[in-house]
Amino acid sequence: GAGARVEYNGEVVQWGTQNVQPDAAACCRSCAKQAAKWASGDKVERCNTWVFCGKEGGCNGGKSKQGECWLKHNARADGAGVMSKG
């Protein structure tokens, strides 16, 4: 399931720097939109995992800015594959 302050593993489908969203709900919708448009011949996988930076000062020690929404494909979308928490 989803969790606040959790970074999930997965192949990046869309970089967060290129997909800034106002909040986590918009990030979730962004993932669903990408997944709905996905076709089997696409160069990237279908989004099934997303990571949103909602922290004012940024996330990952400032590597990610507030609003970045990283779309990912996690082969273990059952909730496994947590990269880091904090």
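The single condition from (1) more than 14 Å from the chain's Cα centre (by Cα); (2) modelled with pLDDT of 90 or more that residue 21 fails is (1). Taking the range 43-66 as the range and being under 22 Å from residue 33 (Cβ atoms) and crowded, with 18+ Cβ neighbours inside 10 Å as the test, the residues that pass are 45, 47, 48, 49, 50, 51, 52, 53, 64. Taking strands (runs of 3 or more DSSP E) as the structural unit, those lying wholly within the range 41-86 and holding at least 2 residues that are at pLDDT below 85 correspond to 82-85. Of all the numbered requirements in (1) open to solvent by less than 90 Å² (accessible area, probe 1.4 Å); (2) touching a strand residue (DSSP E or B) at 6+ places or on another chain (Cβ under 8 Å); (3) among the hydrophobic types (A, V, I, L, M, F, W, C), residue 20 misses one, and that requirement is (1).
Residue 29 fulfils the conditions (1) part of a loop (DSSP other than H, G, I, E, B); (2) modelled with pLDDT of 95 or more except for a single criterion, (1).
The values are calculated or read from the model by the stated rules, or taken from the named source; none is laboratory data. Predicted model, so just to flag it, every value in this text is computed and none were measured. Quick reminder, even Gly has a Cβ in these numbers, built from the backbone with ideal geometry, and neighbours come from all protein chains shown. When the accessible area is computed, the model is the full protein with side chains, heavy atoms only, and any ligands, DNA or RNA have been set aside. Shrake-Rupley method; radii C 1.70, N 1.55, O 1.52, S 1.80 Å.
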